[in-house]
Each structure stands twice: as C-alpha cells, then as structure tokens.
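In what follows, a single structure is set out as structure tokens and then discussed.
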C-alpha cells in the first residue's frame, strides 16, 4: 500500500490531503489522470465506485472526485481534480474502467463537463432539454421556470412573479 | 372536494363504467404510497368494484398520482391512447392541480389538464385513503343523477 | 319431432343457466376469498356488473394481428365450454349423454385452453407470446395426472365385470365407493385429494396461473384483449369451472336422493359449492405462484406419484 502512494508521489506529483483507516484522499493534476488510473488498476484498485462533481463559483473551478475501491486491500482512493469552469474538459477513463462510462454521462448532462473519448454521451433524465446545465450554481432556475410555465396575465399565478 | 363541471355527455360515459372500474397499474410517483393501502386489506378497494389490472387494454381508469416529469408524461399519454373507450382519468394529489411542491422545478409538468382530459381531482399531499374514497363515491353519485 | 324441440329448448335453458350459475359461483368465490383475507368483498353480483361493462367497451384489434383468428378464438373457447355441459350428467340426467363417453370429454377439455393459446399467439405482442408458451407448458403438465385420475373409476368398473366401461351413464349408475375393500378406500381418498389440485391446475388459478402472471409479464396471454372478446374469455372461464367440477362429481361423488328434479339439483348445487370452495378459493388464497422451472416437476413428479399410489391401492 505504501509503495503505491510513494510511486504516485514521486512520479506524478500527487499530494496526500487526509488519511483514515479505509480511505485516502489524494489531489492530482488533470493531465496525469489516465496514467494514474492505469497504474492503480494494475495494483489491485479495479472497482470504479463513483464519480462526483462540486461547483465552486468563487474560485471559478469545478472539482471532480473519483472514488475507486480495492477489494484485497480494503481501501478507497478518492482522487480530487480541479478543472477550469469556463471550458470544462477532461479526458475520459472509460477505456480503463468500463463502469465509468455511465457516470460520465450523468456528469455531462447535469454539469456540462465534456469528457473526451467517451463513446456515448446522450442524456439520461432530461428529454428535449434546451437550457443550460441545471446543476451549476449560475443557473437561476426560478426565472427559467417562470418564463417557461407561468404567465403574468393569469390571476392565480400573479403571486409567483413578485 | 373540487370537481370539474361534468356535462351530459361525460355523464353518459361515466354511467356505463361506474359499477366496476378497472384501474391500470401506472403507479410511479410519490402519491403512489397512499394508493397501496387502498389496494390492500384495511381500506379495501374491491368493495366498490375496482381491481388493479396489468394491461392497459383491459383497464378503464388511469390514476395519475403525483408529479410527472417531461419524460414520463409522454409515456402516460401513450398508455392513455392504448386504453379502450370509455375511459376516465383521475388526478391524485396537489401536483397535477397546480404544480404542488414542485412548482419551481424545471423538469416537472405544472398542470395535468394541458396534457390529458381529467375527470376527477383529489387534492392532498398525498390524500388519505378516506379522501380517495370520498372522491370516488362523489363520482359514482354524480353519474347516477 | 316433439322430442327434438324439447331437447332444443332444454339446451337453450342449459346455455343460459350455466352462464348465470357460473358467474354466480365466481362472485361467491370472490366474496369468500375476501373474507378470508379479513376484508369486505365486492357485492355478490359483481361479475354481472363486470360483464355488463365489458360488453359496452370498444374492442381494439392490433394492427398486424390476423383479424379472423383474433376474433374466432374466444368464440371457440366459449362454445366448447358450454358444449361440455351437454355431455356431463347434471343431477342425474344428461342431454346428449349416449353419444359421447369419457374419452371424448377428456379430449374436449383441451379445446378451451387451445383457444386461449391461439388467441394469444395471434395478438402481435411479445408479452402475449410468452404467456401462451407458458400456458402450453401448463397444459402439458396437468394432462398426465388428469388421465390417471380419470382411469380409476373405469378400472374399478372393469374389474367388477360391467360392460360399456367408458360410458358416463354406466359410471354414474354404480357407486364406486361400494365396489372396493378398505385398502381401496384409502386409495380413493388419495385420489380425491389429487382431484382438488388438478382442478386448480386446469383452471389456471394460483399456484398454477403462470400464464396470467401480473407482475412478471404484464398481463400474459390476455394482454391485447379488450371489450367483447375479453367478455367471452371471462364467461368461458366461469363455465369451464362448472364443467370441470361437474365431471368429478359424476365420476367420484355421485350420491343423490332419488326425488324430484328440484331436490336433486339443490344437492348437486351443494356438492358443486364444496368442490369449488376447496379447490379454487382455499388453495388460491393460501398459496403463491409456482416458478416456471418447478411447474413441470411438480405435475409430473409429485402429483402423478400420488395419483399412481392411489391407483395401486385400489388394485
């Protein structure tokens, strides 16, 4: 376990943020993602658990977190990667982990992050959607709903427009 | 209890089916949790003649219980068109009336009557089984007048 | 000539009477099943309201289904179910009794099920396809114990030297419970227990209702039927119940008070009620559905084993 972390530190410049009994938080760089994933997959981390995203509006970044579990070592690796918010793009890990294809599809639909190399990026929940990515903090959903569904001339719905 | 104004033609349609209404199993929202006890043993729905049936061709009532997203209202419309006439639609809960708890959500529908012709509204969030029975008995009384 | 007109009138009376009696038993079955589950059931005449509603609805025919098969199969099911009642003795008398015997009746029992298989195959839907295949498996299953059970009274009458062994009037005239010793009574009791299960299997009620599995295949064999065709299947199911129970009353429990027709019919009604209560309502409320992989093993393995053991006891 220790030598994998030391290899990652020396080769790719990975920082350790926090360490607990069964979880380790790492911080990595965007351009090293594919090589990190290939390396840890060979060493027992072969279960892709989940992929989440956090939208930080003040610092203008979106932070992606990859959760990968190893059955023989009983540890989860959480890898945090920050990407630019204006043009969110990152290479896809679906060649390495097959299960990550549908997680990246969900993040593309809700946050607007483009994954280069994913074979199928169609939408899961929102059919006929023509607005911006809904989970971003810059999306004013109340104004969008007021414009689309309600009208000010209707007497019962006038109260929504104050 | 608020009923839409039922005119003579709708009255005739109701009179034909009202003694034994077969309900289709389209239970896919959170209002469904209060239809389950109605099917079960304590608040029995079979004493009014209602049975749940598995196929839309055999059914003549579609209960929309709760919110419908833009994706699932298309499927509900397909099922409504597959049923054989005369058929009735019951809207359960406050979401089909005016949006309900999800009035400011970007993905749910706000008024069911823009998509399907509704015969009975039962408000509540979700309505208790006694309220459901009150609505159905009002439907039966209205059709036999 | 006058005999012929009388026979035709009696046939008409049997047709209408059997439909009404069958639907009445269906209503009684629903009320009793509801009371066993601690709830209030529907009113007694609920199947009549269901039938009246089904007659008023429009019948939708799928676009790519061959129309003549789709509309012919419920008619076949209903017609043959009513035809069966002309051959089976009801309260001592049967209309066409001398023209058909036991083997003809057992072959005629297959046809209502075949009507459903044909109708389900012709509706152009994958759910109905699955339902009809499962129904065929069910039919293959119950034929074996049914044949073994039906041969027991025939064998007993043959052993005691009577002639014309397959004719139903001969079987009805001799009480088979008086033709055997004490070992034979045990055998006949085992056979009676098997009969109740075979009736439930033939009429496709739980635990053998694999073809109308609600949650698994969305309606099964009747997935595309609506309106008048569905009403015909509904009535056919009710009348087949009557025919099946009447056959086993005629074979195994033929006792009756020799009095006028009204009293005999009342006792026949009570016997029908008893058989339908045990084999339909009781078994249906207590059990849940068999998996399709266990179904044939149950029929050809356990139930046939019990039937053959009972047969061996009566030898």
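Computed from the coordinates by the stated procedures, all read-outs in this text should not be read as laboratory data. Predicted model only: the values in this text are computed from it and were never measured. Using ideal geometry, Cβ is built from the backbone for each residue, glycine included, and neighbour counts are taken over all protein chains shown.
With an a/c value of 1.5 or above and a/b not larger than b/c for the gyration tensor axes a ≥ b ≥ c computed over the alpha-carbon atoms, segment C:1-136 is described as oblate.
Could you work out how far helix A:100-111 tilts from the main Cα principal axis of chain A, as a 0 to 90 degree angle to the nearest 10? Taking Cα atoms only, the helix is inclined about 40 degrees.
Taking the number of Cβ atoms within 10 Å of each Cβ as an exposure proxy, the fewest-first ranking of C:9, C:96 is C:9, C:96. With the highest mean first, a sort of the peptides C:107-119, C:166-178 on other beta-carbon atoms found within 10 angstrom per residue produces C:107-119, C:166-178. Partner shielding of B:49-61 amounts to 6, given as the average count of beta-carbon atoms from other chains within 10 Å of each residue beta-carbon. Our Cα-only numbers for the protein assembly as shown put the radius of gyration and Dmax at 33.3, 111 Å. Please work out whether segment C:226-292 counts as rounded, prolate or oblate from its C-alpha gyration tensor, where a ≥ b ≥ c are the square roots of the eigenvalues and a/c under 1.5 means rounded, while otherwise a/b larger than b/c means prolate and anything else oblate? Here segment C:226-292 falls in the oblate category. In chain A, the DSSP-assigned H stretches of four residues or longer account for a calculated mean residue ellipticity at 222 nm of -7500 deg cm²/dmol, using -39500 (n - 2.57) per stretch and the full residue count as denominator. Directionally averaged projected area (segment C:197-253, Cα convex hull): 4.3 nm².
The alpha carbon centroids of segment C:96-137 and segment A:44-61 are separated by 60 Å.
Taking C:297, C:134, C:63 in turn, the Gaussian network model of chain C (Cα-Cα springs below 10 Å) assigns the largest fluctuation to C:63.
Per DSSP helix of 4 or more residues, -39500 (n - 2.57); summed, then divided by the residues of chain C. What does that give at 222 nm, rounded to the nearest 500?
Values: 14 runs with 213 residues, N = 315.
Calculated mean residue ellipticity at 222 nm is -22000 deg cm²/dmol.
If you count, for every residue in C:220-232, the Cβ atoms of partner chains within 10 Å of its Cβ, what is the mean? Show your work: numbers first, answer last.
On the way: counts 2, 0, 5, 5, 4, 3, 9, 4, 0, 0, 4, 0, 0.
Mean number of neighbouring Cβ atoms from other chains: 3.
Highest mean packing comes first when the peptides C:218-227, A:73-82, B:74-83 are listed by Cβ atoms within 10 Å, giving C:218-227, A:73-82, B:74-83.
Taking every residue in A:139-147 and counting other chain Cβ atoms within 10 Å of its Cβ, the average works out to 2.
Based on the alpha-carbon gyration tensor of chain B and its eigenvalue square roots a ≥ b ≥ c, which shape applies: rounded if a/c is under 1.5, prolate if not and a/b is larger than b/c, or oblate?
Working: a/c = 1.38, a/b = 1.28, b/c = 1.08.
In terms of gyration-tensor shape, rounded.
Neighbour counts of other C-beta atoms within 10 Å: give me C:143, A:86 arranged from fewest to most.
Sorted ascending by nearby Cβ count, the order is A:86, C:143.
When chain A is treated as a GNM with alpha-carbon contacts under 10 Å, the residue of A:13, A:131, A:117 showing the greatest mean-square fluctuation is A:131.
Put in line by how crowded their Cβ is, counting other Cβ atoms within 10 Å and starting with the fewest, B:61, B:95 read B:61, B:95. Scattering from segment C:20-63 was approximated by placing one identical point on each alpha carbon and applying the Debye formula without solvent; log10 I(q)/I(0) at 0.14, 0.16, 0.28 1/Å stands at -0.43, -0.52, -0.92. Compute the helix-to-body angle for B:129-143: its Cα long axis versus the longest principal axis of chain B, expressed 0 to 90° and rounded to tens. It works out to around 50 degrees. Over segment C:110-263, Cα pairs under 8 Å with separation of 6+ residues give a relative contact order of 34 percent. With angles folded into 0 to 90 degrees, how steeply does helix C:261-276 sit against the dominant principal axis of chain C? Use alpha carbons for both and round to 10. For C:261-276 against chain C, the angle is about 60 degrees. When chain B is treated as a GNM with alpha-carbon contacts under 10 Å, the residue of B:122, B:51, B:64 showing the greatest mean-square fluctuation is B:51.
With contacts taken as Cα pairs under 8 Å at a separation of at least 6 residues, segment A:2-129 carries a relative contact order of 20 percent. Based on Cα contacts under 8 Å between residues 6+ apart, chain C shows a relative contact order of 29 percent.
Ratio to report: Rg/Rh of chain C, with Cα atoms as the point set and Rh obtained by the Kirkwood method; give two decimals.
On the way: Rg = 19.9 Å, Rh = 20.6 Å.
The Rg/Rh ratio comes out at 0.97.
Only helices enter this figure: runs of n ≥ 4 DSSP H residues, each worth -39500 (n - 2.57), summed and divided by the residues of chain B, yield -9000 deg cm²/dmol at 222 nm to the nearest 500.
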